[in-house]
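Asker: My questions will all concern the structure given below.
The values are calculated or read from the model by the stated rules, or taken from the named source; none is laboratory data. Since the model is a prediction, treat every value here as computed from it, not as a measurement. Please note: Cβ atoms are built from the backbone with ideal geometry, for glycine as well, and neighbour counts cover all protein chains shown. Each accessible area value is taken on the protein alone, full model and side chains, heavy atoms only, with ligands, DNA and RNA left out. Shrake-Rupley method; radii C 1.70, N 1.55, O 1.52, S 1.80 Å.
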Amino acid sequence: MSLQSRAIFACGCFGLLFTGLSGRLVQIAVDEGGARVKNLDSAYSGQTTIKARRGEIRDVNNEVLARNEPLKTVIADTSLLYELEEPDRHGVVKVRFDDRDRVAGVLSKSLGLKFDDIRARFEPDKKTGKLNRYIVIKKKISEDEARSLEVALIASKAAVMKQRAGADRKKLAAAEALEKAATLAEANVRGITFEQDFERIYPVGTLLAHVVGFYGYIPKYDSKGNELPEGRFGGVEGIENSMDQWLTGLDGQRFYRKDANGRELVAMRGAERAPKHGAHVRLTIDLGLQQIVEEELEAACRRLKPKRACVLMMDPKTGAIMALANRPVYDPNFPKHAKADEKLNFAVSGAYEPGSTFKTITAAGWLNCGKGSITSEIFCENGRLPYKGGLLKDHHPYGNLSIAEIIAKSSNIGAVKLALGLGQEKFYTTVRDFGFGSRTGIALPNETRGMLAPVSNWTPSSMYHIPMGHEVAASPLQVVVATSSIANGGTLMMPQIVRDITDDQGNVVAEYKPQILKNVIVAKTAAAVGMGLEKVTSRLGTAMKARVPGFRVAGKTGTAQIFDHKLKDYSNEDHICSFVGYMPAEAPRFCMIVIIDDSATVNGSADTGGQVAAPIFSKIAERAAAHLGLQPDPELLEEEMSLRKQLAKEGRL
């Protein structure tokens with residue numbers, strides 16, 4: 001082969017070789033390059049959540065009842081604390097930098113954590129050998145704690161720079177300048193970041209606990225009762241629960257890219273979706289009134305030591321709930337410490353036999369059917385009325401009593417005879433019309449229907465029990481709503497606990513106006529029943545201790561025997577004492593119920609509604625009148641003072 005031929009052959013071989021190499025390079029670029037670029041991109045780009053703030057809960061005067069305390073969660077990216085160089089030609093790998101010990105020391109000292117625990121988490125994963133880029137060091141530290149940690153991390157880095165600078169003035173100056181940095185980003189402190197978080201705070205503590213509720217973790221269970229991992233955080237009780245959709249905001253997103261040193265490239269920042277913060281819920285509750293109610297109820301519970309107690313106040317004309325308190329109670333700031341009975345909102349979710357307060361409904365139904373007037377008389381059988389299966393008794397051997405006197409003296413026999421005059425079906429319809437056996441629709445969770453059996457399930461003795469508040473169960477709220485309808489001229493209002501909802505800019509997005517449920521009785525009947533209820537607080541009635549100096553008070557006592565399930569009969573010793581009333585009687589500003597369940601004996605007297613609950617009503621009502629700016633009538637005030645002097649002389653006060 002000639003020299004020229006050999007040269008041509010060699011060139012051809014080299015051409016084929018370079019063609020093959022070029023093809024392989026193209027294959028690597030296409031097949032592997034995309035994946036490598038993708039890995040690089042995922043390593044230096046991502047998205048962060050911008051948490052939405054949960055809305056506040058406020059009272060009617062915009063006093064804050066539930067708010068968010070801004071907190072921080074400390075996050076570590078170990079890949080920015082430790083880095084190795086590429087292996088040299090001998091395969092030796094050197095450490096480029098390792099800040100893990102220093103940073104772990106600062107975190108340990110600043111956050112009160114164990115150094116060894118933090119340092120262990122900075123080690124590569126045992127299975128993959130990779131460094132963890134997202135380690136939650138500590139959740140929910142305060143803003144002040146976060147700032148102190150920032151200062152400590154910056155100072156630590158500056159100290160290392162000074163040590164390395166030696167006598168180099170430029171490096172010393174850079175270290176001193178670093179100490180003045182305001183943030184970690186400004187100081188180029190890598191590997192530690194903060195995520196925004198919050199904690200729900202209830203500034204008034206136990207006050208309004210059963211209304212406000214609390215925010216927490218809500219587990220999810222399968223059909224067998226096993227907890228599933230799909231639980232969530234949200235409102236657990238009270239308004240936090242019922243208004244959760246309004247209070248909960250929508251988190252935003254921010255997309256970012258970082259350089260090789262972990263610093264965000266602002267110019268490369270992607271689209272940002274701003275968070276939509278939760279709306280603020282304003283209640284109908286007046287915190288000033290609530291404070292009065294809580295103080296008086298707490299004082300009464302210390303004295304009487306009941307198993308349970310409740311006070312509920314409502315505006316009869318609008319249905320607005322003005323105050324609500326239960327005992328026992330809990331602190332929503334520490335819900336895990338609360339027992340189940342402490343978290344029960346008895347005013348709304350509890351049911352009890354209302355006893356004699358129910359006689360008002362019986363009398364109203366009889367009068368509204370045109371059976372007679374408030375002055376009509378009923379023979380009360382001298383205190384003893386036999387019926388199939390039992391004997392109905394009164395506390396006194398009453399003969400003829402007017403309807404007003406039946407209410408004032410709380411005659412069992414009188415109430416039963418009124419119901420018998422109506423008949424089962426009409427009496428049942430009347431009770432249903434007043435809202436018993438149905439939920440009121442209040443915007444609070446777990447409202448009870450109470451218990452009112454249909455007529456078909458009644459026994460022959462039912463008409464001798466239900467008219468005086470036995471064999472029927474109601475919530476305190478139902479009793480207040482029903483009594484308020486009498487104070488409101490016969491119009492039944494839906495109870496409202498929420499006044500309005502505003503967005504983060506203060507715009508009203510929802511408003512809850514007074515809502516009429518039904519005109520239960522005519523105004524004439526309501527006025528007549530009101531006259532009877534005023535007599536209850538007179539010298540002739542069962543609740544003189546409910547009187548308020550300078551005001552006309554209308555109301556009804558209740559002393560319900562508690563059913564003993566062991567004896568299968570009503571207890572002669574344990575009672576639920578109550579008083580429900582409204583004031584001023586001529587132009588009611590509020591209707592209020594006081595319930596004391598199984599109290600201690602009061603000054604040697606029987607535990608009756610007039611002795612136990614009525615005095616609590618009086619104390620709260622007197623203070624509430626002052627808070628609302630109600631002016632006492634001078635003539636009534638003078639009359640009350642004279643009466644009290646007379647009763648004191650007789651030893652009846």
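Asker: Which residue, chosen from Ala363, Gln163, Gly581, occupies the Cα position most advanced towards the positive end of the dipole of the chain, where the dipole is computed from +1 (Lys, Arg) and -1 (Asp, Glu) charges on Cβ about the Cα centre?
Answerer: Of the options given, the answer is Gln163.
Asker: Still on this structure: What ³J(HN,Hα) values, in whole Hz, does the Karplus curve 6.51 cos²θ - 1.76 cosθ + 1.60 give for region 214-219 when θ = phi - 60°, with x put for Gly and Pro?
Answerer: 7, 9, x, 7, 10, x
Asker: What are the ³J(HN,Hα) couplings of region 357-362, residue after residue, when phi is run through the Karplus curve with 6.51, -1.76, 1.60 and θ = phi - 60°? Round to Hz, x for glycine and proline.
Answerer: With the stated coefficients, region 357-362 comes to 4, 6, 5, 4, 5, 4 Hz.
Asker: If you bin every alpha carbon distance in region 148-188 into 5 Å steps from zero, what whole percent lands in each bin?
Answerer: In whole percents, the pair-distance histogram is 5, 30, 33, 18, 10, 3.
Asker: Take Glu230 and Lys388, extend 7 Å from each Cα along the Cα→Cβ direction, and tell me the distance between the two endpoints in nm.
Answerer: Result for the modelled spin labels: 5.5 nm.
Asker: Still on this structure, I have one more. Using the Cβ atoms and a cut-off under 10 Å, what net charge is assigned to the surroundings of Ile285, where Lys and Arg are +1 and Asp and Glu are -1?
Answerer: 0
Asker: Can you show me the helix-derived [θ] at 222 nm for the chain, built from DSSP H runs with n ≥ 4 at -39,500 (n - 2.57) apiece and divided by the number of residues, rounded to the nearest 500.
Answerer: Taken over the chain, the calculation gives -10500 deg cm²/dmol.
Asker: Can you check what the net charge comes to around Tyr582, using other residues whose Cβ is under 14 Å from the Cβ of Tyr582 (Lys, Arg +1; Asp, Glu -1)?
Answerer: That works out to +2.
Asker: Dividing the alpha-carbon Rg of region 456-507 by 2.2 N^0.38 Å yields what?
Answerer: That ratio works out to 1.86.
Asker: If you roll a 1.4 Å probe over the heavy atoms of the protein chains, what accessible area per residue do you get for the chain, in Å²?
Answerer: Accessible area per residue, the chain: 51 Å².
Asker: Continuing with the same structure: Ratio of Rg to Rh for region 347-421, alpha carbon only, Kirkwood?
Answerer: 1.01
Asker: Kindly work out what percent of the DSSP beta bridges joining two residues of the chain are antiparallel, to the nearest 5.
Answerer: Looking only at bridges with both residues in the chain, the antiparallel portion is about 95 percent.
Asker: For region 465-547, what number results from the quotient of the Cα radius of gyration and 2.2 N^0.38 Å?
Answerer: So region 465-547 has a normalised radius of gyration of 1.50.
Asker: Okay, next question. Multiply the residue separation of Lys513 and Glu186 by 0.36 nm, subtract the distance between their alpha-carbon atoms, and state the gained length in nm to one decimal.
Answerer: That pair, Lys513 and Glu186, stretches by 112.5 nm at full extension.
Asker: With r as the distance between the Cβ atoms of Thr375 and Lys276 and R0 = 60 Å, compute the FRET efficiency 1/(1 + (r/R0)^6) and round to 0.05.
Answerer: Calculated value: 0.45.
Asker: Would you please classify the overall shape of region 344-482 from the alpha carbon gyration tensor, given that a ≥ b ≥ c denote the square roots of the eigenvalues, rounded means a/c under 1.5, and beyond that prolate means a/b larger than b/c while oblate covers the rest?
Answerer: Here region 344-482 falls in the prolate category.
Asker: Set the Förster distance to 41 Å, then compute FRET efficiency between Arg303 and Ala152 from the Cβ-Cβ distance, nearest 0.05.
Answerer: 0.15
Asker: Going down the list Lys545/Lys619; Lys305/Lys649; Lys359/Lys393; Lys51/Lys109, which pairs span over 20 Å between their C-alpha atoms?
Answerer: Lys305/Lys649; Lys51/Lys109
Asker: Short version: ³J(HN,Hα) in whole Hz for each residue of region 449-461, in order, from phi by Karplus 6.51 cos²θ - 1.76 cosθ + 1.60 (θ = phi - 60°), x for Gly and Pro, what are they?
Answerer: 7, x, 9, 9, 5, x, 4, 4, 9, 6, 9, x, 8
Asker: While we're on this one: Taking the radius of gyration and the Kirkwood hydrodynamic radius from Cα positions alone, what is the Rg/Rh ratio for region 288-418, to two decimal places?
Answerer: Rg/Rh: 1.11.
Asker: Additional query: Based on the Cβ-Cβ distance from Ala523 to Gln424, what FRET efficiency comes out when R0 is 30 Å, to the nearest 0.05?
Answerer: Calculated transfer efficiency: 0.65.
Asker: If you take every residue apart from Leu228 with its C-beta less than 14 Å away from the C-beta of Leu228, what net charge results, scoring Lys and Arg +1 and Asp and Glu -1?
Answerer: Cβ neighbours under 14 Å give a net charge of 0.
Asker: I need the fraction of alpha carbon pairs in region 416-555 separated by more than 27 Å, rounded to a whole percent.
Answerer: 34 percent
Asker: When the convex hull of the C-alpha atoms of the chain is computed, what volume per residue in Å³ does it have?
Answerer: That works out to 278 Å³ per residue.
Asker: Can you list the aspartates and glutamates whose alpha carbon is less than 13 Å from that of Lys409, not counting same-chain residues fewer than 8 positions off?
Answerer: Reachable aspartates and glutamates: Asp394, Glu534.
Asker: Show the residues, 5+ positions off or on another chain, whose built amide H is closer than 5 Å to the amide H of Phe198.
Answerer: Those qualifying (amide H under 5 Å, at least 5 residues apart or on another chain) are Leu71.
Asker: Express the carbon and sulfur contribution to the solvent-accessible surface of region 428-474 as a percent, rounded to the nearest whole number, probe 1.4 angstrom.
Answerer: The value for region 428-474 is 50 percent carbon and sulfur by accessible area.
Asker: For Lys339, which lysines qualify as cross-link partners when the Cα separation must be under 16 Å and same-chain residues fewer than eight apart are set aside?
Answerer: Lys307
Asker: Mind checking which lysines have their C-alpha under 30 Å from Lys513, skipping anything on the same chain fewer than 8 residues away?
Answerer: Result set, ordered by chain and number: Lys276, Lys317, Lys343, Lys524, Lys556.
Asker: Work out, in µm²/s and without decimals, the Stokes-Einstein translational diffusion coefficient of region 426-495 at 20 °C, 1.002 mPa s, Rh from Kirkwood over C-alpha pairs.
Answerer: Roughly 168 µm²/s, to the nearest whole number.
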